[in-house]
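These notes are about the structure you will find just below.
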Amino acid sequence: MFHQPVLSIQNLSVEYAARRGKVKAVRNVSFDVFRGETVAVIGESGCGKTTLALALVRLLPRAAKITSGKILFQSSDHSAPIDVLRLTQRQLRAFRWRNCAMVFQSALNALNPVLRISAQVQETARAHGEHDTKQVEERALWLFRQVRLDPKRVYHAYPHELSGGMRQRVLLALGLLLDPQVIILDEPTTALDVLTQRTIIEVLKRLRDEMGFALIFISHDLSMAAELAHRIVTMYAGEVVEIGQVNDVFYRPKHPYTLGLMRAVPNLSGGRAELVSIQGSPPDLIDLPRGCTFAPRCGYAQAICREQTPLLEMHETDHASACHFWNQLPVLRELPAASSQEIGS
Ligand code: SF4
């Protein structure tokens, strides 16, 4: 259904320099993101999702280094692919926002508290060569309407005059200001109530379908991922351990870590008593265990797991995982409950 990759991530690795050694935050990550598609990247805190997102737009902190890999962006105008890791600082500024925009976790921190939204909109546009203030204002007002905000009121407001949900939608509109082909959302609804989360999901789905951008959705909220994503990427200890179509991954997980994530959240009919948390904690990314990094926490582990690192292999069409015993996992009956569905039921 999706044919053209807009972003191709190939063997990407990122390390942080720390006193004890090198923190291998992202290890050999490869996947494509197709035009119009939503890919949700899921996993516990510290699994490398945010580092991956920051690497895609080269906004990593100074202590981080991309040690290998490629990130290729293919524009819809069929020009030659852009090798993101080779862009100069000037080219990068154009790439961010125009080709690939990122909407950060905390709407409050991402907006300048002393500037009206209008000034922040115009400043963003000016920084990318858009000097027609009237046209920029019209586009911003149109986008505010699309994300269900009162355009005039929000445009002239200061961030503190808006609620958390409104600020998050302002950021989303700002991200869309220059009509990017990829949007990366890093935990966009973490601090929001369930009804606002619902609104944002609906807005995102509609805009994605109408405007045709690709969405990379970084989240630990499986219910939102289930509602929004076409494909799921599960990350553990900096690596992709499973990737596949949303229903395949959630109903028929092929990695015990994805299964553990699924069992740790409520489903629509299950009670809290049925929830099972994943025992133990993620490995030290400076000193990774031999073999499968999930082995110390895995109920399916056998001797071979501690010796041989499982490779990410395709087991069914479009469904790959890195597990020696992927075919021993059960089929699940229900997707995680969407918070909004709980509210609405
Ligand atoms: Fe568990 Fe072994 Fe699979 Fe790793 S390879 S996830 S330890 S069963």
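Read-outs throughout are calculated quantities, based only on the coordinates presented, and are distinct from any laboratory measurement. Keep in mind it's a predicted model, so treat the numbers as computed, not measured. A quick note on method: Cβ atoms are made from the backbone with ideal geometry, for glycine too, and the neighbour counts reach across all protein chains shown.
Taking other C-beta atoms within 10 Å as the exposure proxy, E239, E202, E123 rank E123, E202, E239 from fewest upward.
Using only C-alpha positions, report the orientation-averaged shadow area of the convex hull of the range 236-328, nm², one decimal. Please report the intermediate quantities before stating the final value.
Values: hull surface 25.4 nm².
For the range 236-328, averaging the hull's shadow over all directions gives 6.4 nm².
Remark: the range 133-238 is approximated by an ellipsoid whose semi-axes, taken from the C-alpha gyration tensor as √(5λ), come to 25, 16, 12 Å, largest first.
Dividing the summed helix terms, -39500 (n - 2.57) for each DSSP H run of n ≥ 4, by the number of residues in the chain produces a 222 nm estimate of -9500 deg cm²/dmol to the nearest 500.
Restricting the calculation to Cα atoms, the chain shows an Rg/Rh of 0.97 when the hydrodynamic-style radius is the Kirkwood one. Under 28 Å of direct C-alpha separation, and excluding same-chain neighbours fewer than eight residues apart, K49 reaches these lysines: K22, K24, K65, K70, K205, K254.
Each of L222, L195, L141 was scored by other Cβ atoms within 10 Å of its Cβ. Arranged with the fewest first, they read L195, L141, L222.
For K134, a cut-off of 27 angstrom between C-alpha atoms picks up these lysines, skipping any fewer than 8 places away in its own chain: K152.
Quick one: what does P(r) look like for the range 172-297 with 10 Å bins over all Cα pairs, in whole %? Result returned by the calculation: 11, 36, 34, 16, 3.
Express the C-alpha Rg of the range 25-127 as a ratio against the empirical globular expectation 2.2 N^0.38 Å, rounded to two decimals. Don't skip to the end; give the middle numbers.
Numbers: Rg = 15.3 Å, N = 103, 2.2 N^0.38 = 12.8 Å.
The value comes to 1.20.
Can you tell me the 0 to 90 degree angle between the C-alpha axis of helix 117-127 and the longest principal axis of the chain, rounded to 10? Its long axis makes an angle of about 80 degrees. Translational diffusion of the range 106-180 was estimated from the Stokes-Einstein equation, with Rh taken as the Kirkwood radius over Cα pairs; at 25 °C and 0.890 mPa s the coefficient is 204 µm²/s.
Put in line by how crowded their Cβ is, counting other Cβ atoms within 10 Å and starting with the fewest, M224, M211, M102 read M211, M102, M224. Rounded to the nearest 10 degrees, the angle from helix 89-98 to the longest Cα principal axis of the chain is 90 degrees.
Each peptide in 59-69, 320-330 was scored by the mean count of other Cβ atoms within 10 Å over its residues; highest first, the order is 320-330, 59-69.
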